[in-house]
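*Asks:* Sharing a structure, written as structure tokens. Questions coming.
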Amino acid sequence: DRIGLSSLFIDKEEYDEAGIQLRKAIEEANHWLSYSLKLSDTSSTTAAQLDLTNTQFAHWQPSINRAQYLLYRTNAACCQWDTYFKDGHQLSQSLSHNPSPSGHVQRILHPFDALKFPCISLELASKIAQSYAARALESHGLVDVEDTRDKQYCRRPTVTVNRKELPKQEQKIRIGYISPDFTSRHPLAFLMQHVFRYHDKSQFSVHIYSLSSKVDDGPEVQAIQESCDQFTYLSPSAMSPMELYQQMVQDELDIIVDLCGYAGTSIMAEIMASRCLLQRMNDNHSSIGGNEADCGTRRLPIHVSYMGFPGSVGSSRIWDYSIFDQVVIPPNNDEYGIREHYNEALVYMPHCYFVNSHKTVFGKEGDGIILANEEERIQLRSKYGIHPTAFVYCCHSRPDKIDPSTFRTWIRALSTARSEYFARHSDERDLASSGSGAPILWLLRSGKEMEQNLRQLVRKEFGERMEDALLFADVSERNEHLRRLGCADVFLDTPAYNAHTLGCDALYLGLPMISLLRSSTRASENQANSICDDQSTIATDKLASRVGASLLRAAEVDDLVFPNMSDYEDAM
């Protein structure tokens, strides 16, 4: 199985080997597909042979689509961009024109990748989420459940609510938060570790459900445990999605907040879809004169999606609400129609929906995260091979968030800045980057191929001298990652998929971040020719590409949000 073998190479960051296996898989599948089609085109073809041909087509075409998706993903991970936009267009077309038998988009592309890849439109990304929501319902035998909830209800006019003016509840609202990511290794626990302590305990009873079979005693998890009324471990390996859901329902929750969505390999959608089956059981029992108590079920809770999945969850049947803000999803009257691609009703936070615990985590005595003085900064710069006075443009986001158009914008701006520097310091022209105070671009390394590909692109298109302007850092543990951000002067946000946790990191540490939020879903200027050599414009209508602007506006630094790549480049 070449596709399975390629996945092993991807996990080991051996992207060249993964690419070889995937290209061979596509070649072999195309060979058999071509042979089958040729066989069916002859006059002597029997009905049995034609049936066999159709069966083979149904087998090989999805395999080709799957391999093409993985190849695009692999190339993105190592910044191999030779056919980036061509392959992206082909992937988008295969998803759009080859629906599954149920009519949904084929599930060859993970919903998270749909948010990340520029070739996938907001409309298509939402359809992919809808397809995965349908799969969750199908897992409970609910193949005939359509998402026909009244759109007027889900998109009713925005109403502002002041919680201080709400009457106090006679009984506490019982709210449950569920996620597989309550672990010290995951950004979610790091971001939310001190969020739960701010619930009004006179009004709310807070229950945390960790989908893990292993106990985690990390400081983030301990902080969460100390902030809630009940912390429960639920094991997906020992219980079915329905059993997991019923375990929560027994706690008589009023609201369940899903902090995962489609992230990773989670079965969260299947767990949350259990409510639909229980509701049907209640409805059927009531229709024959029974009651909920007889049926063995209780009043079912409201479902909310929050933080885990930065996009539409694709179903107002499984989830009632998603929590966002009016920057990432403009309300009903937005001129670009973004809201129309979200099935669920929305709850808008007043500032930025993306929470963090940085204020209560950072700056503790002895943690060393915030650099004490300039001398300490110079010493840390020396550790990473950075000149004491060099201006450092930084992007420590995952390489697959970087697209070729944006990277070329960065290098053009960097080239201009270095030319201006060397015009003032001609004696440094022949020095290596570590010996020169010229501006540099500091990136996160992901496998040897990634660095090689970017250096080759810069050398080929901008000259060998510009190659010295690139510096790479290895992945590090969290505190060191945070500390070394203090070496940079400006953080460059990636337009296709913004820095979310990393954006919070940079801004809290006082590192300015520049971000793109187009004044239109398509560039108003002729960027295809003047800015993007690849004949492509990166849209910012997907939610994940609007979080940077939301963070910056909440921090009251709107001037760092730019409406087009020309202004973004000038700001560098």
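*Asks:* Return one whole number: the accessible area per residue of the stretch 176-232 in Å², for a 1.4 Å probe.
*Replies:* 42
*Asks:* Got a sec to turn the phi values of the stretch 122-137 into Karplus ³J(HN,Hα) couplings, 6.51 cos²θ - 1.76 cosθ + 1.60 with θ = phi - 60°, whole Hz, x for Gly and Pro?
*Replies:* Taking θ as phi minus 60°, the curve returns 4, 4, 5, 4, 5, 5, 5, 4, 4, 5, 6, 5, 4, 4, 4, 5 Hz for the stretch 122-137.
*Asks:* Search the structure for amide H atoms under 5 Å from the amide H of A345, placed 1.01 Å from N in the peptide plane, and list their residues when 5 or more places away or on another chain.
*Replies:* Answer set, sorted by chain and number: S322.
*Asks:* Using modelled backbone amide H atoms (1.01 Å from N, in-plane), which distant-in-sequence or interchain residues come within less than 5 Å of L516's amide H?
*Replies:* F562
*Asks:* What does the charge count near L507 come to, summing +1 for each Lys or Arg and -1 for each Asp or Glu among other residues with Cβ under 15 Å from its Cβ?
*Replies:* Values: positive: K359, R553; negative: D489, D493, D505, E556, D558, D559.
Result for the neighbourhood of L507: -4.
*Asks:* With 20 Å as the limit, write out which pairs from K12/K448; K86/K401; K86/K127; K401/K448 have Cα-Cα distances beyond it, or answer none. It would help to have the intermediate numbers written out before the result.
*Replies:* Working: K12/K448 11 Å; K86/K401 18 Å; K86/K127 22 Å; K401/K448 17 Å.
From K12/K448; K86/K401; K86/K127; K401/K448, over 20 Å: K86/K127.
*Asks:* While we're on this one: So if each residue of separation counts as 0.36 nm, and I subtract the Cα-Cα distance between T265 and K24, what length gain in nm does that give?
*Replies:* 84.1 nm
*Asks:* While we're on this one: Around Q225, what is the net charge, scoring Lys/Arg as +1 and Asp/Glu as -1 over all other residues with Cβ under 14 Å from its Cβ?
*Replies:* -4
*Asks:* Next question. What percentage of the solvent-accessible surface of the stretch 350-410, computed with a 1.4 Å probe over protein heavy atoms, is contributed by carbon and sulfur atoms?
*Replies:* The value for the stretch 350-410 is 52 percent carbon and sulfur by accessible area.
*Asks:* Hey, another quick one. Sequence neighbours fewer than 8 away in the same chain don't count; with that in mind, list the lysines whose C-alpha is under 19 Å from K164.
*Replies:* The qualifying lysines are K172, K201.
*Asks:* Going by amide H atoms built from the backbone, whose H comes under 5 Å of the H on L211, apart from near neighbours?
*Replies:* For L211, the qualifying residues are S179, D181, F182, L234.
*Asks:* Can you give the local net charge around L109? Use residues other than it whose beta-carbon is closer than 12 angstrom to its beta-carbon, Lys and Arg +1, Asp and Glu -1.
*Replies:* Numbers: positive: R66, R73, R107, K116, K127; negative: D113.
Net charge in that neighbourhood comes out at +4.
*Asks:* While we're looking at this one, here's another question. Test of understanding: what is the full-extension gain from V143 to D427, defined as 0.36 nm times their sequence separation minus their Cα-Cα distance? Don't skip to the answer; put the middle values down first.
*Replies:* Values: separation 284, 0.36 × 284 = 102.24 nm, distance 7.22 nm.
Between V143 and D427, full extension yields an extra 95.0 nm.
*Asks:* If I take R0 = 45 Å and measure r between the Cβ atoms of R459 and E170 in this structure, what FRET efficiency does the formula 1/(1 + (r/R0)^6) give, to the nearest 0.05?
*Replies:* 0.05
The values are calculated or read from the model by the stated rules, or taken from the named source; none is laboratory data. For clarity, every value in this text was computed on a predicted model and none was experimentally measured. All Cβ positions, glycine included, derive from the backbone under ideal geometry; neighbour counts span all protein chains shown. SASA here: full protein model, heavy atoms, side chains in, ligands and nucleic acids out. Shrake-Rupley method; radii C 1.70, N 1.55, O 1.52, S 1.80 Å.
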